[in-house]
1. Only one residue in Arg80, Arg86 is closer than 24 Å to Glu11 by Cα, surrounded by fewer than 16 Cβ atoms within 10 Å (Cβ to Cβ) and without any contact (Cβ under 8 Å) to a residue 40 or more places away in the chain. Which one?
2. Within the range 65-88, which residues are aliphatic (A, V, I, L, M) and modelled with pLDDT of 95 or more?
3. Out of (1) touching a residue at least 12 places away in the same chain (Cβ under 8 Å); (2) more than 11 Å from the chain's Cα centre (by Cα); (3) over 15 Å from Ser112 (Cα atoms), the odd one out for Cys40 is which?
4. Within the range 12-27, count every residue that is over 16 Å from Ser115 (Cβ atoms) and polar (S, T, N, Q).
5. Considering only the range 36-77, how many residues are basic (Lys, Arg) and either crowded, with 18+ Cβ neighbours inside 10 Å or under 16 Å from Gly6 (Cα atoms) (or both)?
6. Please count how many residues of the range 78-127 are in contact with a His (Cβ under 8 Å, 6 or more places away or on another chain) and of a type in the set (A, V, I, L, M).
Amino acid sequence: MLKGVGLDVVEIDRMSRILEGDSADRFLERVYTPEELAYCLGKARKVEHLAARLAAKEAVFKALGTGWSEGIGWKDVEVRHDQRGRPCVVLHGKALEIFGSSGGGEIFLSVSHTSRLAVAQAIWSSS
């Protein structure tokens, strides 16, 4: 059963401006887990990967149907890769609590990026 769908787009130029700003370190620490930072900062196209992770987190918030109203933090949604290299979601804290109390299931994630845009779609389903 389909429980929620989320889609988000992040402009690469916007992410570049954030990362060039005075509060870039604070932004990175607030939004990304250490594992996400290690992955993204190890890539040649760092900004695109960071933007894609941001879009993925937003898409998951939308799929869960909560936005910020339920007290979910950025790090409550973590983007990793499964054994096949596909992006997957690991929930923590309030996001995991909401997911579990709403019947759980599975969140499918698709992420893509170009030099201009990063896009992510999250689909929450249960059996």
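The values are calculated or read from the model by the stated rules, or taken from the named source; none is laboratory data. It should be emphasised that the depicted structure is a prediction, and the values quoted were computed from it without experimental measurement. Heads up, the Cβs are rebuilt from the backbone with ideal geometry, glycines too, and the neighbour counts pull from every protein chain shown.
1. One residue alone meets the criteria, Arg86.
2. Val77, Val79, listed by residue number.
3. Just one mismatch for Cys40, condition (3).
4. Adding up the residues that qualify gives 1.
5. 3
6. 1
Conditions (1) in contact with a helix residue (DSSP H, G or I) (Cβ under 6 Å, 6 or more places away or on another chain); (2) farther than 27 Å from Leu41 by Cα; (3) not in a strand (DSSP E or B), marked per residue:
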position: Ile72; (1), (2), (3): yes, no, yes
position: Lys75; (1), (2), (3): no, no, yes
position: Val79; (1), (2), (3): yes, no, no
position: Gly85; (1), (2), (3): no, no, yes
position: Leu96; (1), (2), (3): no, no, yes
position: Ser110; (1), (2), (3): no, no, no
